[in-house]
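One structure below.
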Amino acid sequence: MVYSQSRLSPKFYSINARVGNDTSYMQFSVGYHDFEKFIGDYKNRITILHSYKQAKVSLVRASYKIAAHEFSIDSNIVFVDIVRSATPEAGTDYFNTAFNRINMVRDQFPTLNGIDQKVLIKEQRFDTTNIDLLNRSFKTTLASTATSQHATTIATIIAGAGNSSDKTEGVVSHALIGSSDFENLLPDTDDVFTSGNIHLENHSYGVDIENYYGNEAAAYDQQVYTNPTILHVFSVGNSGGSQPASGTYQNLSYANLSGNFKQAKNIITVTSVDTSFIVNVRNSKGPAYDGRLKPELTAFGQDGTSDAAAIATGICALLQERYVALYEKFPTVAEIKSILIASADDIGQDGIDFSSGYGSINAIRALSLLDKGNFISVNVNKGDVKTLPIDVPSSTHKLVVAVTWIDPPAVQNSSVALVNDIDAILSDGTNNFSPWVLSTKPLADSLDAKAERRPDHINTVEYFSIDDPVAGSYQLTITAPDIATSQSVTMAYWFEEEKSFAWNYPTHNDKLEANQKTSLLWNVQHVQTGTLSLQLNNGDWKTVKEDIDLLSNFHWLPPDTLSWARLKMKIDELEFVSDSFLISPKPSLTVAFDCDAQFALSWKAIPGTDAYDIYTMGNQYLQLFTSVSDTTITLPKSTNYYFTIVPKSNTLTGLKSETINYTNQGALCYINLFDAQRYEDDRITLQLTLSSKLYVDKVIIYKILARDTTQFVGESSDNFVLNNTWYDKNLVGGEMQYFAEVILSSGVHIKSDVQSVFIEQKGKAMLFPNPVYDDELSILSEGEGLHVVIIDLLGNVIMSKSLTSTLDKIDTSALTPGLYILELLRDSRLLDSKKFLKL
């Protein structure tokens, strides 16, 4: 069979492409020229599942035969692809807001928190009852019917309220979030965004490696081109260990983006680094199928690129919120993209690369660039020459310029996706600087090579950087010698100041957990070493470590204390002191008891604390409930289930505990467990586990005798522990019963359930259950050496069995319902006879 290369995706040529035979029904995405003609030509033979008409693409269900034999020769059809199921791309509940300087945003922009911003998350539904997302979701008709932990994690990274922990405060903790199902890989329709005033969508999922410009890529480019304020943020993928099976970069460990939608030009793709600040080898790498630089940006993501995309999405929401406050309108995708790229930190090898893109997102720099107005957009027509001035101040260590535009969609399966080729040159009046461009040759050494300055004719970003630029007037000249349409172009620039050293983490608002290793962050521009010192509560400075390599990562273990602290880095004779920040132990909150009318919370005392604030859940966020100076509190039952505590002194407020739902901590009304077992032949072991010693005066164990009288077995009063054991050696044949009683200082008595232990009697058989409900009859006797027979009412022996232990069992499934007699025998001598009923 011969397929048309221009209309069928590479999947049709894969040996794994065909599933079943030609009549197998599958899902396809189909691009066409005329929707009505497409529907008319295939009426009643295909099912339209979803259409994105602006890009003339539909998701359909059809037989493989129709797709391979008819779509492939239909002049109305542009491109056909086999649809894959999306899967989340790894995620973890741990995320770090320091690496991308979100902590500095909270310090310097304290009112910026995503309020009134809406973020759509395209995958499965997140848990709207999660206390970090409670009452902050908006409904769409697109939400999946399935809820996943991954979606909940992504939603929390973006917009978590921080209710359950200090570590679950998302980037925009006051934003509203909605859900859209990733079962449809095409863009959500434009009216979903426009009618809902939504301008941002997160995509932390992927499919197989797809090294071509397919229907989804074209559709996303079309949507953003038509609606330039709709920003899509994608994870780059976790397929770094795989190689593309087709395309220019076939069989290389590059160009392994997980989905052709990530090949789009007008989106942002994000890779991740972990706590070592290194891009994981599992992360997908660029270039795009046609050599474009992918991914564009990097963010922190401990377990994968899903987390990184979520952090990037949150930062984009911060930029959108700030832009709206400054300009009373939403920014374009080109503006956001240029601002993020121009302000990014260079990581990995020097300059841009196919692993980390244009650099790591620096949230505080991006917002500072926005506030300073260091960006401008201009319209360019074919043949135009536009000149934009940049005044470079003195003491500038580095100048970075990013030129971006929203490009029209290319035709599916085009060899090059770029449509409008914009050219830019940066000049200081004497020297001209071309943009940095990476080699696109399909060779590993070439793709690893450093960027060179030369014209760029494939990317929608023209990227410039100049180290130690001479102060003065610079000009960026933009030309468009051959573009199809009028094009808006955005230029953003960043001046990195000459600084020997600057602290980034911790800042004044940061709270570091005591005795937990953390990464310190700073900016440094030269190879040098320094000496780190620590000061607690304005006391003496004490050396932490000497000869620290300031260009390497440094992990520090804060001392086990509750105090204000400062760090100092000494470089030669210069000293750089951090803001004051807090070191705090993290309290652990437990449930002391959970009784019918009240319950109690308890925690270990934290030295240096005057009081503890107790918070419970409000409508969306934690709210102060009360304050106590003790380490316990007893509360009446109510509809408030969630609680956390925060240690306080006159001068500081520490880290809060993990928020707990007191009803699911496993604590009961003092008695968590009371058990009676015969582990040895000569005694009964009695075990009692208490949830708390709070208000407990005494614990007593009783044995129930005949006529409901009780006998004292043992007690615990002074210095008793939560787990207690007693023994009873006075064994009596038959059923022995025990219970525990907890006596509180208030005089209240709390009794356990009665526990029974059956003791064999000489020459006797005890049967249970009787009647027999579940085809198994237990026999308690002296055991070994004895024999039992079962006789029906007519005197017939139905079953016989030799006993091997004091507690033996007989399978009665073969017995018909009725009354039976069990005889206990020793050497054919009758010892005992019992009746039982089989139901």
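The values are calculated or read from the model by the stated rules, or taken from the named source; none is laboratory data. For clarity, every value in this text was computed on a predicted model and none was experimentally measured. Backbone-built Cβ (ideal geometry, glycine too); neighbour counts: all protein chains shown. These accessible areas exclude ligands, DNA and RNA; they are computed on the full protein's heavy atoms, side chains included. Shrake-Rupley method; radii C 1.70, N 1.55, O 1.52, S 1.80 Å.
The strands (runs of 3 or more DSSP E) falling completely within the range 570-627 include none with 1 or more residues that are open to solvent by 80 Å² or more (accessible area, probe 1.4 Å), in contact with a helix residue (DSSP H, G or I) (Cβ under 9 Å, 6 or more places away or on another chain) and farther than 30 Å from residue 108 by Cβ.
Taken together, the residues in the range 768-792 that are part of a strand (DSSP E or B), open to solvent by 30 Å² or more (accessible area, probe 1.4 Å) and within 20 Å of residue 734 (Cβ to Cβ) amount to 1. I'd like to know if the range 784-797 contains one or more residues that are farther than 30 Å from residue 832 by Cβ, among the hydrophobic types (A, V, I, L, M, F, W, C) and touching a residue at least 12 places away in the same chain (Cβ under 8 Å). For the range 784-797, residues farther than 30 Å from residue 832 by Cβ, among the hydrophobic types (A, V, I, L, M, F, W, C) and touching a residue at least 12 places away in the same chain (Cβ under 8 Å): absent.
Matching residues to (1) under 22 Å from the mean Cα position of the chain (by Cα); (2) closer than 17 Å to residue 412 by Cβ:
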site	(1), (2)
194	no, no
204	yes, no
213	no, yes
235	yes, no
242	no, no
263	no, yes
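Somewhere in the range 176-192, is a residue of a type in the set (A, V, I, L, M) and over 28 Å from residue 217 (Cα atoms)?
For the range 176-192, residues of a type in the set (A, V, I, L, M) and over 28 Å from residue 217 (Cα atoms): absent.
If you go through the range 534-545 one residue at a time, do you hit one that is open to solvent by less than 70 Å² (accessible area, probe 1.4 Å) and in a loop (DSSP other than H, G, I, E, B)? Yes: one or more hits. The set of residues in the range 527-560 being within 14 Å of residue 575 (Cα to Cα), free of Cβ contacts under 8 Å to residues at least 24 places away in the same chain and either among the polar types (S, T, N, Q) or touching a helix residue (DSSP H, G or I) at 6+ places or on another chain (Cβ under 9 Å) (or both) consists of 543 alone.
Please determine, by comparing only the residues of the range 743-762 that are part of a loop (DSSP other than H, G, I, E, B) and surrounded by 13 or more Cβ atoms within 10 Å (Cβ to Cβ), which one is farthest from the chain's Cα centre (by Cα). Among residues in the range 743-762 that are part of a loop (DSSP other than H, G, I, E, B) and surrounded by 13 or more Cβ atoms within 10 Å (Cβ to Cβ), the one farthest from the chain's Cα centre (by Cα) is 761.
Taking the range 31-56 as the range and being open to solvent by 40 Å² or more (accessible area, probe 1.4 Å), in a loop (DSSP other than H, G, I, E, B) and either over 18 Å from residue 224 (Cα atoms) or not charged (D, E, K, R) (or both) as the test, the residues that pass are 33, 34, 43, 44, 45. Scanning the range 332-346 for residues that are over 16 Å from residue 225 (Cβ atoms) and either touching a residue at least 24 places away in the same chain (Cβ under 8 Å) or open to solvent by 40 Å² or more (accessible area, probe 1.4 Å) (or both) turns up 338, 339, 340, 341, 342, 343, 344, 346. Is it fair to say residue 792 is closer than 28 Å to residue 680 by Cα and among the acidic types (Asp, Glu)? In short, no. Within the range 692-699, can one find any residue that is assigned to a strand (DSSP E or B), open to solvent by 70 Å² or more (accessible area, probe 1.4 Å), touching a Phe, Trp or Tyr at 6+ places or on another chain (Cβ under 7 Å) and of a type in the set (Asp, Glu)? The answer is no; no qualifying residue exists. Within the option set 663, 689, being outside any loop (DSSP other than H, G, I, E, B), open to solvent by less than 70 Å² (accessible area, probe 1.4 Å) and either hydroxyl-bearing (Ser, Thr, Tyr) or farther than 23 Å from residue 604 by Cα (or both) holds for one residue only, 689.
Among the residues making up the range 311-331, those that are surrounded by 20 or more Cβ atoms within 10 Å (Cβ to Cβ) and either under 13 Å from residue 361 (Cβ atoms) or without any contact (Cβ under 8 Å) to a residue 40 or more places away in the chain (or both) are 311, 312, 313, 314, 315, 316, 317, 318, 319. Filtered by the rule that a residue be assigned to a loop (DSSP other than H, G, I, E, B) and touching a strand residue (DSSP E or B) at 6+ places or on another chain (Cβ under 9 Å), the range 57-83 gives 74, 76, 83. Just so you know, in the range 360-385 the residues that are assigned to a loop (DSSP other than H, G, I, E, B) and either of a type in the set (D, E, K, R) or touching a Leu at 6+ places or on another chain (Cβ under 6 Å) (or both) include one that is nearest to residue 103 (Cα to Cα), and it is 361.
Close contacts from the range 277-296, counting a first residue that is modelled with pLDDT of 95 or more and of a type in the set (S, T, N, Q) and a second that is open to solvent by 40 Å² or more (accessible area, probe 1.4 Å) and in a loop (DSSP other than H, G, I, E, B), with Cβ to Cβ under 6 Å and a gap of 6+ residues or different chains, come to none at all.
Applying the set (1) part of a helix (DSSP H, G or I); (2) open to solvent by less than 20 Å² (accessible area, probe 1.4 Å) to residue 104 leaves exactly one unmet item: (2). The test for being over 30 Å from residue 700 (Cα atoms), of a type in the set (D, E, K, R), touching a residue at least 12 places away in the same chain (Cβ under 8 Å) and in contact with a Leu (Cβ under 7 Å, 6 or more places away or on another chain) does not hold for residue 801. Restricting the range 708-723 to residues that are open to solvent by less than 40 Å² (accessible area, probe 1.4 Å) and modelled with pLDDT under 90 leaves a set whose member that is nearest to residue 685 (Cα to Cα) is 716. Among residues of the range 268-310 being closer than 18 Å to residue 243 by Cβ and open to solvent by 10 Å² or more (accessible area, probe 1.4 Å), the one that is farthest from the chain's Cα centre (by Cα) is 290.
The set of residues in the range 627-670 being small (Gly, Ala, Ser) and under 24 Å from the mean Cα position of the chain (by Cα) consists of 657 alone. A single member of 426, 388 is surrounded by fewer than 22 Cβ atoms within 10 Å (Cβ to Cβ), part of a strand (DSSP E or B) and more than 34 Å from the chain's Cα centre (by Cα), and it is 388.
Using the structure shown, decide if residue 645 is open to solvent by less than 40 Å² (accessible area, probe 1.4 Å), in contact (Cβ under 8 Å) with a residue 40 or more places away in the chain and among the aliphatic types (A, V, I, L, M). Yes; evaluated as a whole, the condition is true for this residue.
Residues that are within 47 Å of the chain's Cα centre (by Cα) and outside any strand (DSSP E or B) within the range 721-742 comprise 721, 722, listed in sequence order.
Residues that are open to solvent by less than 10 Å² (accessible area, probe 1.4 Å) and β-branched (Val, Ile, Thr) were ranked within the range 154-170; the one that is farthest from the chain's Cα centre (by Cα) is 158. If you filter the range 820-839 down to residues that are under 13 Å from residue 772 (Cα atoms) and open to solvent by 70 Å² or more (accessible area, probe 1.4 Å), you find that the one that is modelled with the highest pLDDT is 835.
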